[in-house]
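Below: one structure, written as structure tokens.
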Amino acid sequence: MSLEFLGNGKHKISAEKFLETKNTLFLDVRDQKEVETIAFNFRIFGIETLSIPIDELPDRVNELPKDKPIACFCSSGTRSAWAYIYLFSKGFNVKWLEASNEDLAKLLKPGRIFKAGKH
């Protein structure tokens, strides 16, 4: 992973682009208490959701698909960056989701949800 690789931004995905993807896994690496407080489910958008706290990721990596893109998420970006680096080193098709809780919540407006549900 070179400076050129990181500098071109191919390792990350914006929240807007993320919601446009299909057959993707949203990997939430936040602590279980955080997930219980604010949970995200993107099934209506055709995106699978899985919660694996960052400290459990090495022991549960076999739960992740090798055949679909994975978007790593946490509320601040730090744990998702760690998850991204770890999964990238293991050969997964992974992106770092460049979004906070607030960024994702702002996108989940009734109109967008209604349109996604019509597909």
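When only residues in region 69-118 that are part of a helix (DSSP H, G or I) and of a type in the set (S, T, N, Q) count, which is surrounded by the most Cβ atoms within 10 Å (Cβ to Cβ)? Only one residue fits best here, namely SER80. Out of (1) of a type outside the set (Gly, Ala, Ser); (2) within 18 Å of ASP103 (Cβ to Cβ); (3) surrounded by fewer than 20 Cβ atoms within 10 Å (Cβ to Cβ), the odd one out for LEU50 is which? Here LEU50 clears every test but (2).
Within region 12-33, the set of residues being surrounded by 15 or more Cβ atoms within 10 Å (Cβ to Cβ), at pLDDT 95 or above and not β-branched (Val, Ile, Thr) comprises LEU25, PHE26, LEU27, ASP28, ARG30, ASP31.
Has region 52-68 got at least one residue that is closer than 16 Å to PHE18 by Cβ and at pLDDT below 95? For region 52-68, residues closer than 16 Å to PHE18 by Cβ and at pLDDT below 95: present.
Could we say that GLU36 is exposed (fewer than 12 other Cβ atoms within 10 Å of the Cβ), more than 15 Å from the chain's Cα centre (by Cα), at pLDDT 90 or above and assigned to a helix (DSSP H, G or I) here? Judged against the criteria, GLU36 is a match. Counting residues in region 82-101 that are more than 22 Å from ASN23 (Cα to Cα), acidic (Asp, Glu) and either modelled with pLDDT of 90 or more or in contact with a strand residue (DSSP E or B) (Cβ under 7 Å, 6 or more places away or on another chain) (or both) gives zero. Condition (residue is basic (Lys, Arg) and either more than 15 Å from HIS11 (Cβ to Cβ) or without any contact (Cβ under 8 Å) to a residue 40 or more places away in the chain (or both)) applied to region 91-101: is it met by at least one residue? Within region 91-101 (the criterion being basic (Lys, Arg) and either more than 15 Å from HIS11 (Cβ to Cβ) or without any contact (Cβ under 8 Å) to a residue 40 or more places away in the chain (or both)), the answer is no, since none of the residues qualifies. I'd like the residue in region 39-55 that is in contact (Cβ under 8 Å) with a residue 60 or more places away in the chain and in a loop (DSSP other than H, G, I, E, B) and, out of all such residues, is farthest from PRO110 (Cα to Cα). Looking at residues that are in contact (Cβ under 8 Å) with a residue 60 or more places away in the chain and in a loop (DSSP other than H, G, I, E, B), I get GLY46.
The values are calculated or read from the model by the stated rules, or taken from the named source; none is laboratory data. As the structure is a prediction and not an experimental result, all values here were calculated from the model. Every residue, glycine among them, receives a Cβ derived from its backbone with ideal geometry; neighbour counts consider all protein chains shown.
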